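The structure appears right after this line, and notes come after that.
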Amino acid sequence: MNPAVLIFLVLYYVVVIGIGFWAVKKGAAKDLEGFLLGGRKIGPLVTAMTLQATSMSGYMFLGGGSAGYTTGYWSLWYAVGDIGGGIVNLSIIGRRMRKLSKIMGSLTSIEYLENRYPAAATRLIGAVLTVFFLFFYVLAQFIAGGKGMALVTGLPYWLALAIAVGIIMVYTYMGGYYAVAYTDFFQSIVMLVGIVWIFSACLSYLGGFTAANLAVAKVDPTYLSIWGKDLAYKGQWGEVAGAVLIFSVGYMGWPHVVTRHMAMEDPKTARMAGLYATIWNLFFVTAPYIIGIMAIIILPNLKDPELAIFSVAGKLLPPFITGIVMAGIMAAIMSTADSILLQTGTIASRDIYQRFFNKKADDKQMVMVSRILILVMAVIGYIVALVQPPGVFAIVVFTTSVLGSAFLPVYVCAVWWKKANTPGAVASMIGGAAIAFLWKVAGWGAATAIHPMFAGLITSIVLMIVVSLATQKSFPVPKHILNAIDETAKVGPIPKEMLAMAEFAINPEDEEIKKFDT
């Protein structure tokens, strides 16, 4: 490994950890709201950057490049939706979810669902789905980190993977949402600098877009088609719809992402955060896919397409700049992995252990449960990634399809449709997740030419509407929830009398919180 690359990577890790410790100290939690949501005091710029950094993950540097290298311009269907994903997410549910979660005293995205759709089943189903499928998302980050570390350092994959997982674990154990948000902010900048640098190097090397496209056309003109290499997806608009939807509206169904809404400083933060997120996306989102396409010419004999961006960086950039690109890739991986592990551990401790097994669990017990689960996920993830590492692109698309199908309607309807009730939410989560899962695993997508995300989302929406309307008399939405939903539509501070709901909703933790306040 070139010493310049090593020096830069070490410096990068030191800076990130330093920012983390600063944020932990500055945002030290006096209560559970402070620890899990940063005290709900995250401003628009940091909200936007932590939202985008968490959403993008190592997928963009490995999966995005791989998709471009293997399918050509077809891959940009995913980017089309992704560019507007941040502003769509913040505009549709950002402000309203911030207000409703505060009124109801919700501290996790799954607790929020139970408060809106009152039933133990809502929380249990939501928590189990989240923990199970976010494990696969974390697995994708481990594989991305291991592959990148192995290529850049020259270490064997098993050792590089161990180092990558170890770094992620140490980083995550710093704990606390405030620390995660501010390190994500820094890492989003590193990600952007890294991808823009290598994108510019590719254009310079190939002589611009026109020359690059002409060169790609000589290899195989179907790479330039919107239907993919060999026109594999020709006329399959169901696949196109799913590819666009997964990263445009799909974000609204990711529990680890929508938590960002709950942590905003105030509801109006969503407006400026949406603007910042869109600006960042315009520079970042399409670049990995296009670099993958240009890598067809730059590295025609690449054995592993997921290493396209790493390999192009090593070929075209000087060592120091390669270090920046590598830091950007690790930033994408770490910013997502820490958020998912923190969210998964929180859901396991608060929404499963405390809610169903030990209602009197104190903070120490909950932290212990959270850390045990994080450690178990890391060990299992390492073994799976080591024995049979699947493709990052496939894992991320599969996981996000199921999560989006399961949760998107329940999060959107929570603040926009007052007739959405508990049976509708439960049916929507189970049905949407099941169809998206089976559509992929059973091969129904290939047989029907319909993307799993599209099939699962349509199922989830239909079930939410039909079951909610059919059960209105038996399961009416409680009046205090209807009043809270009405309040989310208003602009301005939440009335003090409505905040009384929050004090009730965080039982049995309120006794622990009072100890901190005395």
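Its Cα centre serving as origin, region 3-517 has a Cβ charge dipole (Lys and Arg +1, Asp and Glu -1) of approximately 600 debye. Cross-link check: pairs LYS473/LYS496; LYS419/LYS440; LYS41/LYS360; LYS102/LYS360 evaluated at a Cα-Cα cut-off of 26 Å; pairs beyond the cut-off: LYS473/LYS496; LYS419/LYS440; LYS41/LYS360.
For the chain, the membrane-span-like helices by this rule, meaning whole DSSP H stretches whose C-alpha atoms cover at least 24 Å of axis and whose Kyte-Doolittle mean is -0.5 or above, are 3-26, 120-153, 177-206, 319-346, 363-387, 392-416, 422-441, 452-470; this says nothing about an actual membrane.
Label-to-label distance for LYS490 and ILE226 is 4.6 nm, based on points extended 7 Å past Cα in the beta-carbon direction. Each of MET272, MET149 has some number of other Cβ atoms within 10 Å of its Cβ, and from fewest to most they run MET272, MET149. Summarising the label geometry, the points placed 7 Å from Cα in the beta-carbon direction at HIS480 and ASN358 lie 2.8 nm from one another.
Model label points for THR210 and GLU497, set 7 angstrom from Cα along the Cα-to-Cβ axis, are 7.0 nm apart. Most tightly packed first, judged by the mean number of other beta-carbon atoms within 10 Å of their residues, the peptides 60-67, 249-256 read 60-67, 249-256. Translational diffusion coefficient of region 3-517 (Stokes-Einstein, Kirkwood radius from Cα pairs, 4 °C, 1.567 mPa s): 56 µm²/s. Can you figure out the FRET efficiency of LEU275 with ASN301, using R₀ = 51 Å and their beta-carbon distance, to the nearest 0.05? So the FRET efficiency works out to roughly 0.75. With the cut-off at under 15 Å, measuring from each backbone N in region 219-248 to a point 7 Å along the Cα-to-Cβ line of LEU438 picks out no residue.
Please list, in order, the residues from region 447-482 whose amide nitrogen is less than 14 Å from a point placed 7 Å along the Cα→Cβ vector of LYS419. Within reach of a label on LYS419: 462-477.
Based on Cα contacts under 8 Å between residues 6+ apart, the chain shows a relative contact order of 30 percent.
Read-outs: derived from the displayed coordinates by stated rules, not from any lab. As the structure is a computational prediction, the values presented were derived from the model and not from experiment. Cβ sites come from the backbone with ideal geometry, for glycine too, and all protein chains shown count toward neighbours.
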